[in-house]
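Notes follow the structure.
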Amino acid sequence: TEGEEFTVFRPKRLFWRQSYAGLLYTRRAARESDIPDRQSIGGDFQLATARFHGNKNFLFGGWFMKTPNAAKGSDNSASGFRLNYPNDRWALQMAYKFFQKSFDPKLGFVEQVDYQKYTPGVSFNPRPKNSKLVRQYFFDSRIELFTDMAGRWIERTYFLTPLRIDFQSGDQFSFRAEPSYIYL
């Protein structure tokens with residue numbers, strides 16, 4: 001079997017204190033073959049700070065990738081973004097990503113294509129003052145919603161944690177429910 005050549009190029013530039021922007025290029029080429037080179041191109045970024053409104057953490061990031069292949073058509077992109085406010089008393093998140101049906105990275109893998117995923121969540125996490133027993137309480141709710149590219153439901157899961165307690169000893173108690181729906 002003839003060998004293959006692989007190329008990966010990943011420049012990334014840090015800026016401010018916790019932020020970056022980067023690019024990605026990959027190439028997979030079969031030696032002495034009629035199989036065309038298979039490439040992926042993309043970029044990503046993250047804007048983050050630990051001083052949002054004084055002393056809060058805040059993060060916004062995103063990425064985009066394209067796997068050009070003339071034989072499979074032009075719907076060969078994948079993209080996503082995330083917004084996180086991961087703080088002690090309140091934590092909020094929102095993430096979205098999609099993979100078009102002809103997205104096909106030849107280096108690495110993708111589990112599934114032709115879907116969109118939405119992930120909103122909120123958590124209230126108070127710390128009791130001067131407790132020798134409890135370090136922190138968590139009341140959490142998150143949803144994972146999957147749709148096809150036309151917006152029809154494929155799967156949804158609710159992650160509900162009406163109570164989680166982290167103790168000073170490192171032990172933890174939690175009650176969690178995860179109702180799911182999957183369209184077969």
The range 33-50, subset closer than 19 Å to PRO105 by Cα and not in a loop (DSSP other than H, G, I, E, B), residue least open to solvent (accessible area, probe 1.4 Å): SER40
Flag if THR26 is of a type in the set (S, T, N, Q), open to solvent by less than 70 Å² (accessible area, probe 1.4 Å), within 16 Å of GLY108 (Cα to Cα) and touching a Pro at 6+ places or on another chain (Cβ under 6 Å): no
In the range 129-158, the residues that are surrounded by 14 or more Cβ atoms within 10 Å (Cβ to Cβ), of a type outside the set (Val, Ile, Thr) and within 20 Å of PHE173 (Cα to Cα): ARG135, GLN136, TYR137, PHE138, PHE139, ASP140, SER141, ARG142, TYR158
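Residue by residue, here is whether (1) modelled with pLDDT under 95; (2) within 21 Å of PHE99 (Cα to Cα); (3) among the polar types (S, T, N, Q) holds:
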site: ASP140; (1), (2), (3): no, no, no
site: THR147; (1), (2), (3): no, yes, yes
site: ALA150; (1), (2), (3): yes, yes, no
site: ILE154; (1), (2), (3): yes, yes, no
site: ILE165; (1), (2), (3): no, no, no
site: GLN168; (1), (2), (3): no, no, yes
site: ASP171; (1), (2), (3): no, no, no
site: ALA177; (1), (2), (3): no, no, no
site: ILE182; (1), (2), (3): yes, yes, no
Residue match in the range 65-73 (condition: open to solvent by less than 50 Å² (accessible area, probe 1.4 Å) and not small (Gly, Ala, Ser)): yes
Residue that is farthest from TYR85 (Cα to Cα), among those in the range 1-23 that are open to solvent by less than 60 Å² (accessible area, probe 1.4 Å) and outside any strand (DSSP E or B): GLY3
Enumerated strands (runs of 3 or more DSSP E) restricted to the range 79-179, each holding at least 1 residues that are closer than 27 Å to VAL8 by Cβ: 90-99, 115-124
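The values are calculated or read from the model by the stated rules, or taken from the named source; none is laboratory data. The shown structure was predicted, so the numbers you read here are calculated from the model rather than taken from an experiment. Because the Cβ atoms are built from the backbone with ideal geometry, glycine has one as well, and the counts that use them run over all protein chains shown. Calculation scope for accessible area: heavy atoms of the full protein, side chains included, ligands and nucleic acids excluded. Shrake-Rupley method; radii C 1.70, N 1.55, O 1.52, S 1.80 Å.
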